[in-house]
1. With respect to the numbered conditions (1) small (Gly, Ala, Ser); (2) outside any loop (DSSP other than H, G, I, E, B); (3) away from the ligand (no atom under 16 Å from the Cβ); (4) touching a Gly at 6+ places or on another chain (Cβ under 8 Å), which one is the sole condition not fulfilled by Gly206?
2. When you scan the range 186-195, do you find a residue that is crowded, with 18+ Cβ neighbours inside 10 Å, in contact (Cβ under 8 Å) with a residue 24 or more places away in the chain, away from the ligand (no atom under 16 Å from the Cβ) and under 22 Å from Asp101 (Cα atoms), even just one?
3. Determine which single condition Asp25 fails, assuming it passes every other condition in (1) more than 15 Å from the chain's Cα centre (by Cα); (2) within 13 Å of the ligand (Cβ to nearest atom); (3) charged (D, E, K, R); (4) modelled with pLDDT of 95 or more.
4. Give the number of residues within the range 29-70 that are within 12 Å of the ligand (Cβ to nearest atom) and among the small types (Gly, Ala, Ser).
5. Identify all residues within the range 44-80 that are under 14 Å from Val227 (Cβ atoms), in contact (Cβ under 8 Å) with a residue 60 or more places away in the chain and open to solvent by 80 Å² or more (accessible area, probe 1.4 Å); write none if there are none.
6. State all residues of the range 81-100 that are under 16 Å from the mean Cα position of the chain (by Cα), surrounded by fewer than 23 Cβ atoms within 10 Å (Cβ to Cβ) and within 16 Å of the ligand (Cβ to nearest atom); if no residue qualifies, say none.
7. Please indicate, with yes or no, whether at least one residue in the range 126-134 is open to solvent by 50 Å² or more (accessible area, probe 1.4 Å), over 30 Å from Ser209 (Cα atoms) and at pLDDT 50 or above.
8. Of Ser209, Ser196, Ser228, which residue is at pLDDT below 95 and touching a helix residue (DSSP H, G or I) at 6+ places or on another chain (Cβ under 8 Å)?
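The values are calculated or read from the model by the stated rules, or taken from the named source; none is laboratory data. Bear in mind the structure is a predicted one, so any value in this text is a computation, not a measurement. With ideal geometry, Cβ positions are generated from the backbone for all residues, glycine too; neighbour counts draw on all protein chains shown. Surface accessibility is based on the protein's heavy atoms, side chains included, excluding ligands, DNA and RNA. Shrake-Rupley method; radii C 1.70, N 1.55, O 1.52, S 1.80 Å.
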Amino acid sequence: MVQFAVFLLLVFSSPLSHGYHIVIDPGHGGSDRGATNRSTNESELTLKMTHKLVRGLRNKGFKVTLTRKGNQNLSLQARVEIANSVKADLLVSIHANSSVDKRAKGAEFYFQNQLDADEESMFLASRENQNSKPALINSDDKHSSTIDHILGDMKRTYNIYLSSELSKKLALNWKGQKKSKLNLIKQAPFYVIKNSNMPSVLVELGYLSHNFESKKLTQSKYQNIMVSSIIKAIVDYKKQIDNN
Ligand SMILES: [Zn+2]
C-alpha cells in the first residue's frame, strides 16, 4: 500500500515539473468594486497588480492565464471554470482587505479549506507536524469502497498540502506590510480556492480601510515590492516541488 501511495504521489507531482501553468485571478471587477476607500477600490488595484504579476511571471518562463483582463463583471463560478478548464497547475487569487477596525493592516494568505469535519481534523493534525506531509494513505481507511474515492481524496489532500506550502513561501518572502507573524497564513472556504482542482492561494494584499496602508497600496513602488515578493514565493515553491 505504501508503494502504491508513493506511485500516486509521483503521478500527481509529475505535471508540476514542466510546462508550469499559473492562473492569476484579480478579485471583483465591473459593478463589483470590492473594498473601497476615498481614492481607490479593490477591483482596480487587483487588476493593476495582476498585470504586473503576469509580466513578471512570464519573464520567469511561466505560462500565465488571467481570469479577467479588463474591468468587467466575472462570477466566482466563471473564475473557477477558467482555472479548471485550462488545467492550471496553480491558481492565485488577488484581493485587498477591509475592516471596520481602522487599525487592521497587513497582508494575509489563505489556502483552501474544503474538507468535512473528520478530514479537517486529520489535516489539522498533519499541520501540527510541520515537518511531515499529510497522512495521505490514511484516507484509504475511510473511503475503501472505490478506487476513485481514494484517488480523489488523495489528490485533494495533496493539493491542500501544496497550497499550504505556497502560503508559507508567500509569508516567508513577503516584503510588504505584514499583519503579524502568527496569523499571516489562514484557512478559509473562499469559493474560488475551495472549488478549484489545483493548489490555490488567495492573497489579501493589505487593508484599504487603513489610512496609511491604502495610500501605499496605490503606489507603484509598493506594488512592485508586493509583486516581486509573490513572484519570489512562486519560484521558491516551484523549486521545492521540483526537488521533491
Ligand atoms: Zn476581495
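1. (3)
2. Yes, the range 186-195 contains at least one residue that is crowded, with 18+ Cβ neighbours inside 10 Å, in contact (Cβ under 8 Å) with a residue 24 or more places away in the chain, away from the ligand (no atom under 16 Å from the Cβ) and under 22 Å from Asp101 (Cα atoms).
3. Condition (1) is where Asp25 drops out.
4. Of the residues in that region, 4 qualify.
5. Hits for the range 44-80 are Lys48, Lys60.
6. Scanning the range 81-100 gives a single hit, Asn97.
7. Filtering the range 126-134 for residues open to solvent by 50 Å² or more (accessible area, probe 1.4 Å) gives 127-133.
Then keep just the ones that are over 30 Å from Ser209 (Cα atoms); that gives 127-133.
Then drop every residue that is not at pLDDT 50 or above, which leaves none.
No.
8. Values: Ser209 fails: touching a helix residue (DSSP H, G or I) at 6+ places or on another chain (Cβ under 8 Å); Ser228 fails: at pLDDT below 95.
Result of the check over Ser209, Ser196, Ser228: Ser196.
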